[in-house]
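The values are calculated or read from the model by the stated rules, or taken from the named source; none is laboratory data. Model, not experiment: these values are computed from the prediction. Cβ atoms come from the backbone with ideal geometry, glycine included; neighbour counts cover every protein chain shown. Ligands, DNA and RNA are stripped out before the accessible areas are found, and what is left, the full protein with its side chains, is counted by its heavy atoms. Shrake-Rupley method; radii C 1.70, N 1.55, O 1.52, S 1.80 Å.
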Amino acid sequence: MRIAAISFPATRRAMVDPGPQLRPAVGAKLRRPVARLGRPPHWTRRQALSGTLHWLALAASAGFAVRAGAQDGPPVVPLEVTEIASGVFVHQGAYALFAPSNRGDVANLSFVVGRDAVAVIDTGGSFAVGQALRAAIRAVTDKPIRHVINTHMHPDHLFGNAAFAEDRPDFIGHHKLAQALAARADRYLAVNAQLLGSEAFAGTRLIAPTRAVHDRAVIDLGGRELILEAQPTAHTDNDLTVHDTATGTLFLGDLLFMRHIPALDGSIRGWLALIDRLERVDAKRVVPGHGPPIAAWPEPMQPQKRYLETISAEVRRMIKEGRSIAEAATTVGLSEKDAWLLFDAFNARNVTAAFAELEWE
Amino acid sequence: MTERLSRRSVLGFVGAALSSLPITQALAEDDPWLGLHQDVFGNRPIAEEDGLVTLEAPVRAEDAALVPLTVRVSGGDASRPRSLTLLIDRNPAPVVATFSFGEGAGEVVLATRVRVDAYSNVRAVVETQAGSLHMATRYVKASGGCSAPALKDSELAEAELGKMRLRQFAAAPGSTSREAQLMIRHPNHSGLQMNQLTGYYIPAKFITDLEVRRGAALVFRMEGGISLSADPNIRFTFRPAGADEVLTAVAKDTDGRVLRGSWPVKSGDDS
Ligand SMILES: [Zn+2]
């Protein structure tokens with residue numbers, strides 16, 4: 001199946017991204033989202049106020065940030081990239097949580113150069129990182145950037161989208177990406193603005209996908225094709241894989257974590273089942289969402305598989321014994337502690353998510 | 001079901017009362033509890049940390065949309081309380097739920113999962129049969145639980161809405177009470193999640209009333225609000241009475257949906 005255009009009417013899409021032509025003039029008030037803010041039927045004044053003010057503050061900061069980012073910002077330093085295969089470039093993100101010092105540059109970002117065009121695979125955790133990625137692409141090639149592919153909804157992978165708006169690419173994602181982002185955008189923007197600080201967050205806004213992949217899609221860059229596959233719920237419910245058949249490079253997004261502890265935000269059962277399928281994909285090398293820029297295939301899937309299997313076995317046992325989710329969060333998975341970076345930041349959360357899923361088995 | 005499910009209009013929306021009382025509101029700037037105490041319990045004195053009620057909560061929540069709480073009321077069956085109210089001071093809807101207990105209830109140990117929207121005190125207030133109030137308080141570091149998306153897999157959540165499950169556990173040694181866990185597939189939307197594509201808030205859709213009975217005897221009745229986590233999950237105790245007993249649950253949500261389930265009481269652990 002070819003990529004089908006996503007079915008949101010233009011006006012709805014504009015709520016996330018007005019696009020260059022609809023974006024308010026510099027300094028203009030961001031009117032639309034605010035003006036249409038409805039007060040839920042049985043909402044008290046206090047509740048409505050808190051919600052509205054929150055959004056106003058967000059919209060205002062984003063609006064001013066665009067100005068700062070686009071015109072007065074510091075010169076853009078291109079991201080460091082490695083050419084891991086012919087025409088395939090990867091930037092390795094830091095093993096870290098969002099912080100002002102890393103500007104949200106914590107995920108691996110890639111681009112593939114074909115005869116006619118460039119495809120970007122994930123854009124980083126802020127407008128600034130997206131700009132730096134774009135500069136890295138421009139240091140390599142002048143070919144048009146026609147495709148920006150987001151492997152899934154997490155901010156570290158798509159908050160840099162806005163830096164590519166001027167290229168007018170197709171923003172491509174899993175068919176569930178738009179909905180998943182819609183439910184989370186408000187919170188993602190608020191949380192990340194706070195984590196990154198106003199300087200690093202400047203200019204960051206969300207761009208929803210303009211093209212949805214329902215099953216499988218092929219992108220032709222001229223003489224090389226990328227095969228995009230919408231995966232069932234695993235790391236999230238909107239994971240998309242990209243296979244560059246010309247070099248046998250498989251981009252797994254966060255379906256593969258290496259050294260960085262896996263983060264579960266979808267389904268542990270789905271993820272383990274998908275791993276079994278992915279391991280049979282014929283590829284020469286893979287690019288993980290977090291980890292080194294290149295890895296052999298399929299061996300690097302083993303540690304992640306062991307981690308997820310350990311969590312799932314221990315959680316199932318606790319459920320069977322009638323133990324509580326609180327107890328599980330503090331005791332499950334501890335044997336994996338030394339095997340991963342950022343273990344303390346994610347393990348208990350993964351266990352909590354796995355418990356809430358597996359108790360329904 | 002012979003008894004009508006009652007309803008308290010302010011439940012889950014205590015903010016309404018708060019905003020109409022400027023003096024209370026001014027006081028609430030610093031400590032929302034002052035206003036909350038007044039709005040929910042009036043001028044009645046509340047004994048704090050006197051040992052009658054204990055509350056377990058994580059110091060730092062791993063997932064703000066799913067913070068586990070456990071409440072224990074000491075004294076065994078004889079001192080079964082009249083009601084238990086869970087509150088989260090800094091949530092948009094501070095009253096999580098009020099549970100009232102009937103003759104089918106065992107000694108009260110109740111566990112559930114809540115959303116916590118800001119670093120906040122979380123409270124369990126017990127009203128005894130004699131009418132006195134007792135409170136345990138824990139400070140929980142969590143944020144954004146009310147606006148976090150309800151469930152990870154949107155399709156599955158929609159497909160399974162309304163499904164109920166009951167797990168039963170073996171009696172604890174020396175206890176005459178049995179433990180059970182009621183699970184309900186329901187997004188329990190807080191209504192605070194804005195749909196960025198439409199600019200509107202997703203309307204609140206949550207469970208307002210829940211009643212659990214052992215045969216005809218009331219185990220507990222809950223009036224709930226938006227601060228209860230998605231897929232509401234309540235672990236409670238009941239007092240078994242004899243053979244061929246059935247536990248029933250009836251839940252109602254804001255859309256007028258009525259969910260029902262019934263399960264035979266098992267003699268032992270079902271796990
Ligand atoms: Zn991710």
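Each residue in region A:132-155 was checked for being within 16 Å of the ligand (Cβ to nearest atom) and either open to solvent by 20 Å² or more (accessible area, probe 1.4 Å) or not in a helix (DSSP H, G or I) (or both), and 6 pass.
Entry remark, region B:123-143: residues being within 13 Å of another protein chain (Cβ to nearest Cβ) and either open to solvent by less than 10 Å² (accessible area, probe 1.4 Å) or free of Cβ contacts under 8 Å to residues at least 40 places away in the same chain (or both) number 2 in total.
Could you tell me whether region A:161-170 includes any residue that is in contact with a helix residue (DSSP H, G or I) (Cβ under 9 Å, 6 or more places away or on another chain), of a type in the set (Phe, Trp, Tyr), surrounded by fewer than 24 Cβ atoms within 10 Å (Cβ to Cβ) and away from chain B (no Cβ under 14 Å)?
Step one: list which residues in region A:161-170 are in contact with a helix residue (DSSP H, G or I) (Cβ under 9 Å, 6 or more places away or on another chain), which gives A:161-168.
If we keep only those that are of a type in the set (Phe, Trp, Tyr) too, we end up with A:164.
Then keep just the ones that are surrounded by fewer than 24 Cβ atoms within 10 Å (Cβ to Cβ); that gives A:164.
If we keep only those that are away from chain B (no Cβ under 14 Å) as well, we get A:164.
Yes, region A:161-170 has at least one match.
Residues in region B:144-171 that are loosely packed, with under 14 Cβ neighbours inside 10 Å and of a type in the set (A, V, I, L, M): B:159 alone. Considering (1) at pLDDT 95 or above; (2) open to solvent by less than 20 Å² (accessible area, probe 1.4 Å), the lone condition that residue A:47 does not fulfil carries the number (1).
Go through region A:156-178 residue by residue and tally those that are outside any loop (DSSP other than H, G, I, E, B) and either in contact (Cβ under 8 Å) with a residue 40 or more places away in the chain or within 14 Å of the ligand (Cβ to nearest atom) (or both).
Selection size over region A:156-178: 16.
Here is a list: A:116, A:122. Which entry is open to solvent by less than 10 Å² (accessible area, probe 1.4 Å) and among the charged types (D, E, K, R)? After ruling out the rest, the residue left standing is A:122.
Looking only at region A:100-112, decide whether some residue is within 16 Å of the ligand (Cβ to nearest atom), within 14 Å of chain B (Cβ to nearest Cβ) and either touching a residue at least 24 places away in the same chain (Cβ under 8 Å) or crowded, with 19+ Cβ neighbours inside 10 Å (or both). There is no residue in region A:100-112 that is within 16 Å of the ligand (Cβ to nearest atom), within 14 Å of chain B (Cβ to nearest Cβ) and either touching a residue at least 24 places away in the same chain (Cβ under 8 Å) or crowded, with 19+ Cβ neighbours inside 10 Å (or both). Test residue A:128 against the criterion of being away from chain B (no Cβ under 14 Å), in contact (Cβ under 8 Å) with a residue 12 or more places away in the chain and in a helix (DSSP H, G or I), and give yes or no. So residue A:128 fits the description; yes.
Any residue that is of a type in the set (A, V, I, L, M) and in a loop (DSSP other than H, G, I, E, B) - is there at least one of those in region B:248-268? Even if it seems obvious, please write down each step before you answer.
So in region B:248-268, the residues of a type in the set (A, V, I, L, M) come out as B:249-251, B:258-259, B:265.
Checking the rest, the ones that are also in a loop (DSSP other than H, G, I, E, B) come to B:265.
Yes, because at least one residue in region B:248-268 is of a type in the set (A, V, I, L, M) and in a loop (DSSP other than H, G, I, E, B).
Does residue A:328 meet the test of being open to solvent by less than 10 Å² (accessible area, probe 1.4 Å) and more than 9 Å from chain B (Cβ to nearest Cβ)? In short, yes.
Considering region A:74-94 alone, what residues qualify as being assigned to a loop (DSSP other than H, G, I, E, B) and surrounded by 15 or more Cβ atoms within 10 Å (Cβ to Cβ)?
Those that are assigned to a loop (DSSP other than H, G, I, E, B) and surrounded by 15 or more Cβ atoms within 10 Å (Cβ to Cβ): A:76, A:78, A:79, A:81, A:87, A:92, A:93, A:94.
Scanning region B:80-112 for residues that are assigned to a strand (DSSP E or B) and open to solvent by 20 Å² or more (accessible area, probe 1.4 Å) turns up B:100, B:101, B:109, B:111.
Of everything in region A:237-286 that's assigned to a helix (DSSP H, G or I), away from the ligand (no atom under 13 Å from the Cβ) and hydrophobic (A, V, I, L, M, F, W, C), which residue is farthest from the other protein chains (Cβ to nearest Cβ)?
As a first pass, look at region A:237-286 and keep what is assigned to a helix (DSSP H, G or I): A:268-278.
Checking the rest, the ones that are also away from the ligand (no atom under 13 Å from the Cβ) come to A:268-270, A:272-278.
Right, trim to hydrophobic (A, V, I, L, M, F, W, C) and you get A:268, A:272-275, A:278.
Working: A:268: 10, A:272: 15, A:273: 13, A:274: 13, A:275: 17, A:278: 19 Å.
Top of the filtered list is A:278.
Before we move on, is residue A:339 surrounded by 17 or more Cβ atoms within 10 Å (Cβ to Cβ) and at pLDDT 95 or above?
On the way: surrounded by 17 or more Cβ atoms within 10 Å (Cβ to Cβ): no; at pLDDT 95 or above: yes.
In short, no.
Within the set A:306, A:349, A:317, the sole residue that is surrounded by fewer than 21 Cβ atoms within 10 Å (Cβ to Cβ) and in contact (Cβ under 8 Å) with a residue 60 or more places away in the chain turns out to be A:349. Mind checking which residues of region A:222-236 are farther than 14 Å from residue A:256 by Cα and either in a strand (DSSP E or B) or within 12 Å of the ligand (Cβ to nearest atom) (or both)? Within region A:222-236, A:225, A:226, A:227, A:228, A:229, A:230 qualify. On inspection, residue A:274 passes the criterion of being out of contact with any Cys (no Cβ under 7 Å at 6 or more places or on another chain), closer than 14 Å to residue A:236 by Cα and surrounded by 20 or more Cβ atoms within 10 Å (Cβ to Cβ). Among the residues of region A:190-210, those identified as farther than 18 Å from residue A:101 by Cα and modelled with pLDDT of 90 or more are A:205, A:206, A:207, A:209, A:210. Against the definition (within 13 Å of chain B (Cβ to nearest Cβ) and in contact with a helix residue (DSSP H, G or I) (Cβ under 6 Å, 6 or more places away or on another chain)), how does residue A:355 come out, yes or no? Against the criterion (within 13 Å of chain B (Cβ to nearest Cβ) and in contact with a helix residue (DSSP H, G or I) (Cβ under 6 Å, 6 or more places away or on another chain)), residue A:355 qualifies.
Among (1) within 18 Å of residue A:152 (Cβ to Cβ); (2) open to solvent by less than 10 Å² (accessible area, probe 1.4 Å), there is one condition residue A:221 misses while meeting the rest; what is its number? Tallying (1) within 18 Å of residue A:152 (Cβ to Cβ); (2) open to solvent by less than 10 Å² (accessible area, probe 1.4 Å), residue A:221 fails exactly one: (1). It is to be established whether one or more residues within region A:184-204 are within 12 Å of chain B (Cβ to nearest Cβ), open to solvent by 30 Å² or more (accessible area, probe 1.4 Å) and farther than 22 Å from residue A:353 by Cβ. Looking through region A:184-204, at least one residue is within 12 Å of chain B (Cβ to nearest Cβ), open to solvent by 30 Å² or more (accessible area, probe 1.4 Å) and farther than 22 Å from residue A:353 by Cβ.
In contact with a strand residue (DSSP E or B) (Cβ under 7 Å, 6 or more places away or on another chain), within 14 Å of chain B (Cβ to nearest Cβ) and not aromatic (Phe, Trp, Tyr): does that describe residue A:311?
Details: in contact with a strand residue (DSSP E or B) (Cβ under 7 Å, 6 or more places away or on another chain): no; within 14 Å of chain B (Cβ to nearest Cβ): yes; not aromatic (Phe, Trp, Tyr): yes.
No, not satisfied.
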